[in-house]
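A.B. asks: Provided herewith is a single structure, encoded as structure tokens, for subsequent inquiry.
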Amino acid sequence: MSAVQCVKVYVPRDAAALALGAESVATAIAAEARKRGIEIELVRNGSRGMFWLEPLVEVATRGGRIAYAPVKTADVTGLFDAKFLDGGAHALRVGAVAEIAYLKQQDRLTFARVGVIDPLSVEDYIAHGGYRGLTRALAMAPGEIVQQVTDSGLRGRGGAAFPAGIKWKTVLDTTSTQKYIVCNADEGDSGTFSDRMLMEGDPLCLIEGMTIAGAAVDATQGYIYLRSEYPHAYRALNAAIANAYTAGWLGTDIRGSGKRFDLEVRLGAGAYICGEETSLLDSLEGKRGQVRFKPPLPAIKGLFGQPTVINNVITLASVPIILYRAAEYYRDYGVGRSRGTLPIQLAGNLKHTGLVEKAFGVTLRELLYDYGGGSWSGRPIRAVQVGGPLGAYMPEAQFDTMLDYEAFAAVGAMLGHGGIVAFDDSVDMAEQARYAMEFCAVESCGKCTPCRIGSTRGVETIDKIRRGERVTENIAVVEDLCNTMKFGSLCALGGFTPYPVMSALKHFKEDFGPLPTHLEAAE
Amino acid sequence: MKHAQPRIASIQSADLPESQRAAVLRAIEAHRERPGALLPILHAVQDALGYVPQESLSLIAHELNLTRAEVHGVVSFYHHFRSSPPGRHIVRLCRAEACQALGARALEAHAKKTLGIDFHETTGDGAITLEPVYCLGNCGCGPSLLIDSDKLHARVTPQVFDALVQQARAES
Ligand SMILES: Cc1cc2nc3c(=O)[nH]c(=O)nc-3n(C[C@H](O)[C@H](O)[C@H](O)COP(=O)(O)O)c2cc1C
Ligand code: SF4
Ligand code: FES
């Protein structure tokens, strides 16, 4: 056996792939190989992010990695019969993975290794460009690292799009002896899963990004605050952290640099508001996750009262390539003030849902039709919600909007964490508006009256509208409530819930009426 | 209970059965030295017992130098923590937008009707507790649901739901 290298077969362990049956496929492949006396190396990679093809099985052949998809357990014997280990012909053979248009046309910088490598192997990580960024950073002064991040134009990917370099500079300039790096892995927005895919498919990339952040601001302790709904990511992160410690990439004296960085994962407990940074910090401290007044900024007085860098998973995972390839390389992607790439998540009623990392500037229409392939149901796409439950509903007339923070703001929408949820024409937009209010009521931290009470009143009022009761007056009540929430809320949960509600009213008014004539007559 | 300190033993939590008490003490001992220990402790208690018994709050509070009201405030704030025992299996149904776009509302109605329960309730045979969840990160292949700690399912039609429930019921 020694002369012949055994064939590598990749079956994703990504949660979405598992939900579509990847585990039993992996088991069946291993069993069939054993039965036939063939030695294979089964690698459990992340997902390439093409969900209609999951479970997507890849074989490393002399001619590159060949995909078969979507594979069911029942297909496994047939695949062996067709000599898929040599890339043989089969009805499920998709061909060279790298040539699939959906992937080939992307700009995979942050996601370069996701689906490619063994997520838990430090060796594989390094073989694919990992730890180059940290190695460079360790040779720099903290201020130089921060400067690279500033020059790259990287803005926070968690939603608010605040320049990462400015935040880091604020923390660097404090004199505290204890500072923290906190990763916001709460990913609560519906329609988003890029954090999850990265943490499952390339956790070392996040670990490296956080370690660079530590070196940049002189912080020695990091926490990843992970939502409890992500059990697979939890396992992947803990395993990767343990492997990084063993290999000397975490802990005291990282790779002989004299720098220290310790890292730990903490679980949330099912509260959307804990994605808001100050609420998250309270939760990490073991308290109720209530939003804090700002100032003080977390950068000055954050976790346990100490200066804290808090960034989203994708923000931190984009840092290694910036340090490795230099700021200009990253900055040269994108448009306007939106530099670099965005891992976009295509979700909801689309044929080709998945992860599309593209330079800013691609249009919503290209994403929905060229990548997304139109609706899953085959019916016309009527509305699209971008940026999670606090994002506006966009009608067809806005589909040519470019993915760019400022372009979205200009049409009253929000890019947020880059989740795109498509609805076909069976959607009832009054029902969607009602849900937005209901979600706010369920998840409110309770600190502000407009958010806590206003949202419940919003649900009741929209119910009246849907029953046809005094539609015109009740629409005015909803508009009023939205205004109160927008201006009387401490954070964006209460403050932005009006966006989905008002956009539904504005662009899809027909779903909120018209007032039935018999009622009009009665008035 | 080797690791239980005498002062711990002196706290009266008469209503907490001995086996539960031991589990709570183990959870406390495993995490008490960590900064912000309360959430990790509550997770450990729930992982061990399936819920966080009301009768355990005084013990946790005492050990962390908090008031019982503070601990209660934290437990009740987070949707994840339960204060009563669940059924043998917990089915978490995603209610969020991306799943709505693929039929989650119809699935929710079907689930409640066939199980004969509402959210946060348990079937009469004690097999299934139904909980809502707001996104499972599986938004490209909804409707999604999660059974117990990590069994995630995609594209759950009413028929798939029935099969999953039947399977869970059979699994003791
Ligand atoms: C209600 C609410 C929920 C949020 N949820 C998240 C979240 O799940 N993940 C995240 O990264 N940021 C979330 N944010 C944004 C954070 O408050 C904060 O801006 C972010 O963690 C900063 O990191 P970044 O600059 O890298 O984006 C949320 C904000 C609000 C108001
Ligand atoms: S707006 Fe809502 S969630 Fe935000 S601080 Fe106020 S009450 Fe809490
Ligand atoms: S919206 Fe249901 S899994 Fe995300």
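A.B. asks: Two-decimal Rg/Rh of the stretch A:403-523 from alpha-carbon positions, Kirkwood Rh?
C.D. replies: We get a ratio of 0.99 for the stretch A:403-523.
A.B. asks: Please work out the Kirkwood hydrodynamic radius for the stretch B:89-171, using every pair of different C-alpha atoms, and report it in angstroms with one decimal place.
C.D. replies: Kirkwood radius, the stretch B:89-171: 12.3 Å.
A.B. asks: Now for a separate question. Along the charge dipole of chain B, pointing to its positive end and built from +1/-1 on Cβ of Lys, Arg, Asp and Glu, which listed residue (B:Q166, B:G126, B:V156) has its Cα farthest out?
C.D. replies: After comparing all options, I get B:V156.
A.B. asks: What do you get when you divide the Cα radius of gyration of chain B by 2.2 N^0.38 Å, with N the number of residues?
C.D. replies: With N residues counted in chain B, Rg over 2.2 N^0.38 Å equals 1.19.
A.B. asks: Kindly tabulate the residues in the stretch A:8-31 with an accessible-area decrease of at least 10 Å² between the chain alone and the assembly of all protein chains, using a probe of 1.4 Å.
C.D. replies: Residues meeting the cut-off: A:A15, A:A16, A:A19, A:L20.
A.B. asks: Further question: So what is the relative contact order of chain B, in percent, for Cα pairs below 8 Å that sit 6 or more residues apart?
C.D. replies: 17
A.B. asks: Counting heavy atoms of the protein chains only and a 1.4 Å probe, report the per residue accessible area for the stretch A:122-331 as a whole number of Å².
C.D. replies: That works out to 31 Å² for each residue.
A.B. asks: Moving on to the next point. In peptide A:265-271, what is the residue-averaged number of other protein chain Cβ atoms found within 10 Å of each Cβ?
C.D. replies: Across the residues of A:265-271, the mean count of other-chain Cβ atoms within 10 Å is 6.
A.B. asks: Could you grab the relative contact order for chain A? Cα pairs under 8 Å, six or more apart, rounded to a whole percent.
C.D. replies: Answer for chain A is 13 percent.
A.B. asks: Nearest-5 percent of antiparallel DSSP beta bridges in the protein assembly as shown?
C.D. replies: 55
A.B. asks: Another question, if that's okay. Please give the average number of partner chain Cβ atoms lying within 10 Å of the Cβ of each residue in A:388-395, rounded to a whole number.
C.D. replies: Across the residues of A:388-395, the mean count of other-chain Cβ atoms within 10 Å is 1.
A.B. asks: Please give the calculated 222 nm ellipticity per residue for chain A, where each DSSP H segment of at least 4 residues contributes -39500 (n - 2.57) and the sum is spread over every residue; nearest 500 deg cm²/dmol? List each step's numbers first, then the result.
C.D. replies: On the way: 22 runs with 204 residues, N = 523.
One gets -11000 deg cm²/dmol as the mean residue ellipticity at 222 nm.
A.B. asks: Next question. By accessible area of protein heavy atoms, probe 1.4 Å, what ranking do A:W52, A:W168 get, highest first?
C.D. replies: Reading off the accessible areas and sorting them downward yields A:W52, A:W168.
A.B. asks: So, one more: Ballpark to the nearest 100 Å², how much total accessible area do A and B bury together, probe 1.4 Å?
C.D. replies: 3700
A.B. asks: Going by average Cβ neighbours within 10 Å, how do the peptides A:197-210, B:122-135, A:152-165, A:8-21 rank, with the highest at the top?
C.D. replies: On the way: A:197-210: 29.4, B:122-135: 18.9, A:152-165: 22.0, A:8-21: 26.1.
Going from most to least packed, we get A:197-210, A:8-21, A:152-165, B:122-135.
A.B. asks: What's the long-distance tail for the stretch B:18-77, i.e. % of Cα pairs beyond 16 Å?
C.D. replies: Summing the P(r) of the stretch B:18-77 above 16 Å gives 31 percent of all pairs.
A.B. asks: Using a 10 Å cut-off on Cβ atoms, rank the peptides A:284-293, A:268-277 from the highest mean neighbour count down.
C.D. replies: Taking the mean over residues of other Cβ atoms within 10 Å, the ranking is A:268-277, A:284-293.
A.B. asks: In whole Å, how far is the Cα centre of the stretch A:74-96 from that of the stretch A:268-345?
C.D. replies: Measuring centre to centre over Cα atoms gives 43 Å.
A.B. asks: With a 1.4 Å probe and all protein chains left in place, how much of the accessible area of chain A comes from carbon and sulfur atoms, in whole percent? Each step should come with its number before you reach the end.
C.D. replies: Values: 9960 of 18920 Å².
On chain A, the fraction of accessible area on carbon and sulfur atoms equals 53 percent.
A.B. asks: Rounded if a/c is under 1.5, else prolate if a/b beats b/c, else oblate: with a ≥ b ≥ c from the C-alpha gyration tensor eigenvalues square-rooted, which is the stretch A:122-331?
C.D. replies: Since a/c stays below 1.5, the shape of the stretch A:122-331 is classed as rounded.
A.B. asks: Take every DSSP beta bridge whose two residues both sit in the stretch A:177-272, then give the antiparallel share in percent to the nearest 5. All intermediate terms of the calculation are to be shown ahead of the outcome.
C.D. replies: On the way: 1 of 13 bridges.
Looking only at bridges with both residues in the stretch A:177-272, the antiparallel portion is about 10 percent.
A.B. asks: Hey, another quick one. Using only atoms on other chains, find how many Cβ atoms lie within 10 Å of each Cβ of peptide B:90-99 and report the average.
C.D. replies: 6
A.B. asks: Based on the Kirkwood radius over alpha-carbon pairs, what value in µm²/s does the Stokes-Einstein equation return for the translational diffusion coefficient of the stretch A:7-104 at 10 °C and 1.306 mPa s?
C.D. replies: Numbers: Rh = 13.1 Å.
D, rounded to a whole number, is 122 µm²/s.
A.B. asks: Right, something else. Could you sort A:318-330, A:212-224, A:464-476 so that the peptide with the highest average Cβ count within 10 Å comes first and the rest follow in order?
C.D. replies: A:212-224, A:318-330, A:464-476
A.B. asks: Write down, largest first, the equivalent ellipsoid semi-axes of the stretch A:357-461 in whole Å, where each equals the square root of 5 times an eigenvalue of the alpha-carbon gyration tensor.
C.D. replies: Details: eigenvalues 152, 59, 22 Å².
Whole-Å semi-axes of the equivalent ellipsoid: 28, 17, 10.
A.B. asks: Can I ask one more? Quick test of your reading: applying the under-4.7 Å Cβ rule, which cysteines of chain B are isolated?
C.D. replies: B:C135, B:C139, B:C141
A.B. asks: For the stretch A:7-104, what does the relative contact order come out to in percent, with C-alpha contacts under 8 Å and a separation of six or more?
C.D. replies: Over the stretch A:7-104, the number comes to 29 percent.
A.B. asks: Sorted from largest down, what three extents in whole angstroms do the Cα atoms of the protein assembly as shown have along their principal axes?
C.D. replies: Principal extents (largest minus smallest coordinate, Cα): 88, 67, 58 Å.
The values are calculated or read from the model by the stated rules, or taken from the named source; none is laboratory data. Fair warning: this is a prediction, and the values are worked out from it, not measured in the lab. Note: ideal-geometry Cβ built from the backbone for every residue, glycine included; neighbour counts use all protein chains shown. Surface areas here come from the heavy atoms of the whole protein model, side chains and all, with no ligands, DNA or RNA. Shrake-Rupley method; radii C 1.70, N 1.55, O 1.52, S 1.80 Å.
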